[in-house]
1. Under 1.5 on a/c is rounded, so check that first for the range 5-159, then, if it is not, pick prolate when a/b is larger than b/c and oblate when it is not; a ≥ b ≥ c are the square roots of the alpha carbon gyration tensor eigenvalues.
2. With each pseudo-label sitting 7 Å past Cα toward Cβ, what's the Q268-T53 distance in nm, one decimal?
3. Return the distance in nm (one decimal) between the two label points of a simple spin-label model at T171 and D3, each offset 7 Å from Cα along Cα→Cβ.
4. Can you give the angle from 0 to 90° between the axis of helix 192-202 and the longest principal axis of the chain, with both taken from C-alpha atoms, to the nearest 10?
5. Of K59/K79; K4/K59; K168/K234; K59/K114; K79/K234; K168/K241, which pairs sit farther than 24 Å apart, going by alpha carbon to alpha carbon?
6. Within straight cross-link reach of K130, meaning Cα distance under 16 Å, which aspartates and glutamates are found once same-chain residues fewer than 8 apart are removed?
7. How would you rank 184-196, 231-243, 114-126, 139-151, highest first, on the average number of other Cβ atoms within 10 Å across their residues?
8. Tell me which GluC sites (Glu not before Pro) from the range 31-75 have a DSSP coil assignment and no more than 12 other beta carbons within 10 Å of their own.
Amino acid sequence: MADKGIYGIACVEGFMRMCMDGWDQGWHERNGGNLTYRMKEEDIEACRPYFHTPGEWVKMGVQADNLAGEYFITTGSGKYFRNVEIAPAESLGIVEINDAGDSWRIVWGLENAKPTSEFPSHFMNHSVRKAATNGANRVIYHCHATNVIALTYVLPLTDRDFSRALWKSATECPVVFPEGVGVCPWMVPGGADIAVATSELMKTYQAAIWAQHGLFTSGPDFDITFGLAHTIEKSAEIYWKVLATGQPILQTITDDALRSIAKDFGVQLNEAFLD
Ligand code: 2HA
Ligand code: ZN
């Protein structure tokens, strides 16, 4: 088989596959959405032969001590998920973080490009999730999941309202995200303010919803992080289908049923969201 170079390395291959999976779902119109992966030591060593002379250090406007010296694979600002497979070196790249934990520089890819406009949000979320999971979390994903976005026009923008609506729209949900989801009010994307607000939510939750914008999910690997977004979006879709019938709701998953699921599956549901 032909040598695929850096594209044959598992972390890069998995990263690209997740981008195309998100594209296939219809969550990445134009340059919508972004993905970052905090590389393991073995990922960095496997990719290092392909690194070029590093670019200039660029300050991020956010800082995290626990991410100093880390390497991330990231999608590019203004780049299209749709093009990741045909133009990977322009669409994504690898950045190194400096010892102060406040700047990045490009070591591979991102040709004529820079990291995603949401890199500050990804970075702060990585910092919080790394700490919350003892280093297990490695992936942060932002997508424009259609049904989730639509829900932010009709549900009160509280963690409790969204968590309950999603838990009750698909039986798997309380098992997949027992702590619930966080909800961020509408904010200007791309800056430090939304990054800090989102990372506050990610101290508690694996997923956060940006009102009228999209969804953030986190996880230890690509499968789990994509699966979380997929589960949340699917549940929101079911919620919409039920609403769209205009029929009265005759039955739903009761709070006691949610408790029973949690007990049998051995997960701790966020009690603050139960009646
Ligand atoms: O990358 O999705 O939030 C484009 C966006 C900004
Ligand atoms: Zn977005």
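The values are calculated or read from the model by the stated rules, or taken from the named source; none is laboratory data. Keep in mind that this is a model prediction, so the values were computed, not measured. Here the Cβ is made from the backbone with ideal geometry for all residues, glycine too, and neighbour counts use every protein chain on show. Calculation scope for accessible area: heavy atoms of the full protein, side chains included, ligands and nucleic acids excluded. Shrake-Rupley method; radii C 1.70, N 1.55, O 1.52, S 1.80 Å.
1. Cα axes put the range 5-159 in the oblate bin.
2. Result for the modelled spin labels: 5.2 nm.
3. Inter-label distance under the simple model: 5.2 nm.
4. Computed tilt is about 50 degrees.
5. Distance filter (> 24 Å) returns K4/K59; K79/K234.
6. Counting by Cα, and skipping residues close in sequence, K130 has these aspartates and glutamates nearby: E41, D65, E70, E200, D221.
7. Listed from highest to lowest mean packing, they are 114-126, 139-151, 231-243, 184-196.
8. E56
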